[in-house]
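The values are calculated or read from the model by the stated rules, or taken from the named source; none is laboratory data. Keep in mind it's a predicted model, so treat the numbers as computed, not measured. Here Cβ is always computed from backbone atoms with ideal geometry, including for glycine, and neighbour counts include all displayed protein chains. When the accessible area is computed, the model is the full protein with side chains, heavy atoms only, and any ligands, DNA or RNA have been set aside. Shrake-Rupley method; radii C 1.70, N 1.55, O 1.52, S 1.80 Å.
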Amino acid sequence: MDSCVIPLRHGGLSLVQTTDFFYPLVEDPYMMGRIACANVLSDLYAMGITECDNMLMLLSVSQSMNEEEREKITPLMIKGFRDAAEEGGTAVTGGQTVVNPWIIVGGVATVVCQPNEFIMPDSAVVGDVLVLTKPLGTQVAVNAHQWLDNPERWNKIKMVVSREEVELAYQEAMFNMATLNRTAAGLMHTFNAHAATDITGFGILGHSQNLAKQQRNEVSFVIHNLPIIAKMAAISKASGRFGLLQGTSAETSGGLLICLPREQAARFCSEIKSSKYGEGHQAWIVGIVEKGNRTARIIDKPRVIEVLPRGATATAVAPDSSNASSEPSS
């Protein structure tokens, strides 16, 4: 699953550790560092762990960059990574840097903890609901932003989206990817979560299927609602790529998908939006846990919840996204 859990020889403690790295997907090197760090920590957060004892950074500098580019870009990526680590209450104490054809950024996160500090992802029960804590569509938003400079690709989607909407979606995706899942991890304990995973490269369907396979009980997950950054569903359809509505579109540093008792889920969603946790946390009830054979599926016509980017006015994004604030049902 998301992290390895290794029982230690000493006093009932476990070592929990995870690693991840990937290539740049946004233009801002500082934000890329933040996103990379958030993505690494997310695997701990998916187990309800809120503290991280140590981080290492993995960095590869591209040999095709000239010296000036290297000296500007590399420190910004490192600063973004370190700042996000600090926000997560941890520090980067080492790592490895190499020269390589491509820029790569990532890291290793390690924590030693007691059994009550983590939630094993295997205890979903019939009647639980599925909650998602970030909207989908990051891959679509990042690609659409790149297509602004590619007439052939842009011509395929310009009938369904404006340049301004693509810019807003890109900024929203970047902000979401750089947001830590730490608040959600803490609330998993408060509201008695039974299992969770984070949504990254396999899309919401792939990660739901992985989580379903881990369950001890004979259950299956059914997803009814897809919260998606506004206009990204239309771009996915128009471009014929991604499979966003099928749940196969990759996400980077996506939200947590959490199995919660039905009576706790609405309270979780309302609590995470509280101003005491800072700006930008969201959550939606997206599905249910029913009796089954440890599979996951999305219903034929899932309800798309268009999530308006921050900074967008109702008029900046076309009228069909006006239901973004409505409360999703399960």
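Out of the total accessible area of the chain (probe 1.4 Å, heavy atoms of protein only), what percent is carbon and sulfur?
Values: 7470 of 14440 Å².
Here carbon and sulfur together make up 52 percent of the probe-accessible area.
As a length-normalised measure over Cα pairs under 8 Å and 6 or more apart, the relative contact order of region 163-310 settles at 40 percent.
For region 14-115, the list of trypsin sites (Lys or Arg not before Pro) that fall in a loop by DSSP and count at most 14 other C-beta atoms within 10 angstrom is empty. When the chain is treated as a Gaussian network with alpha carbon springs shorter than 10 Å, the biggest mean-square fluctuation among 13, 260, 130 belongs to 13.
I need to check one value: relative contact order of the chain, counting alpha carbon pairs closer than 8 Å and at least 6 residues apart, in percent.
On the way: 771 pairs, mean separation 74.6, N = 330.
Taking the mean separation of contacting Cα pairs over the length of the chain, I get 23 percent.
By DSSP, the beta bridges lying fully in the chain are antiparallel in about 70 percent of cases. Restricting the count to DSSP beta bridges whose residues both fall in region 4-113, what percent are antiparallel, rounded to a multiple of 5? That works out to approximately 70 percent antiparallel.
For the full complex of protein chains and a 1.4 angstrom probe, list 31, 47, 1 by accessible area with the highest value first.
Numbers: 31 35, 47 10, 1 100 Å².
If we order 31, 47, 1 from most to least accessible, we get 1, 31, 47.
Across all Cα pairs in region 144-203, the calculated P(r) in 5 Å bins from zero up to the longest distance comes to 4, 14, 17, 15, 14, 12, 8, 8, 6, 2 percent per bin. Placing unit charges on the Cβ atoms of the charged side chains and taking the dipole of the chain about its Cα centre, the candidate lying farthest along the positive direction among 192, 144, 124 is 124.
The chain gives an Rg/Rh value of 0.97, both radii derived from C-alpha positions and Rh following Kirkwood. Suppose the Debye formula is applied to equal point scatterers at every Cα of region 107-254; what is log10 I(q)/I(0) at q = 0.11, 0.20 Å⁻¹? Rounded to two decimals, the profile gives -0.49, -1.22.
Taking the Cα centre as origin and putting +1 on Lys and Arg beta-carbons and -1 on Asp and Glu beta-carbons, what dipole magnitude results for the chain, to the nearest 20 debye? Working shown, then result.
Numbers: 27 positive and 34 negative charges, 157 e Å.
Dipole about the Cα centre, nearest 20: 760 debye.
Could you work out which residue, out of 141, 178, 312, moves most in a Gaussian network model of the chain, that is, has the largest mean-square fluctuation with Cα springs under 10 Å? Between 141, 178, 312, it is 312 that shows the largest mean-square fluctuation.
GNM on the chain, alpha-carbon springs under 10 angstrom: the most fluctuating residue among 177, 65, 232 is 65.
Rounded to the nearest whole angstrom, the semi-axes of the ellipsoid equivalent to region 8-75, taken from the Cα gyration tensor as √(5λ), stand at 32, 13, 9, largest first.
Considering only DSSP states other than H, G, I, E and B, which GluC sites (Glu not before Pro) in region 149-243 qualify as loop sites with at most 13 other Cβ atoms within 10 Å?
Working: sites: 152, 164, 165, 167, 172, 218; in loops: 218.
Taking region 149-243 and a limit of 13 other Cβ atoms within 10 Å, the loop GluC sites (Glu not before Pro) found are 218.
Both radii are taken from the alpha-carbon atoms of region 21-157; with Rh as the Kirkwood radius, Rg/Rh is 1.06. Only Cα pairs under 8 Å and 6+ residues apart enter the sum, and on that basis the relative contact order of region 14-172 stands at 32 percent. Considering only 17, 230, 109, the residue lying farthest towards the positive end of the dipole of the chain is 230, judged by Cα position with unit charges set on Cβ.
Using unit Cβ charges (K, R positive; D, E negative) and no other charged atoms, how large, in debye to the nearest 20, is the dipole of region 4-113 about its Cα centre?
Values: 6 positive and 13 negative charges, 66 e Å.
For this selection, approximately 320 debye.
Solvent exposure of residue 273, expressed as accessible area, is near 100 Å², computed with a probe of 1.4 Å over the protein chains only.
Could you report region 128-307's accessible area per residue, 1.4 Å probe, as an integer in Å²? Please report the intermediate quantities before stating the final value.
On the way: 6980 Å² over 180 residues.
Averaged over the residues of region 128-307, the accessible area is 39 Å².
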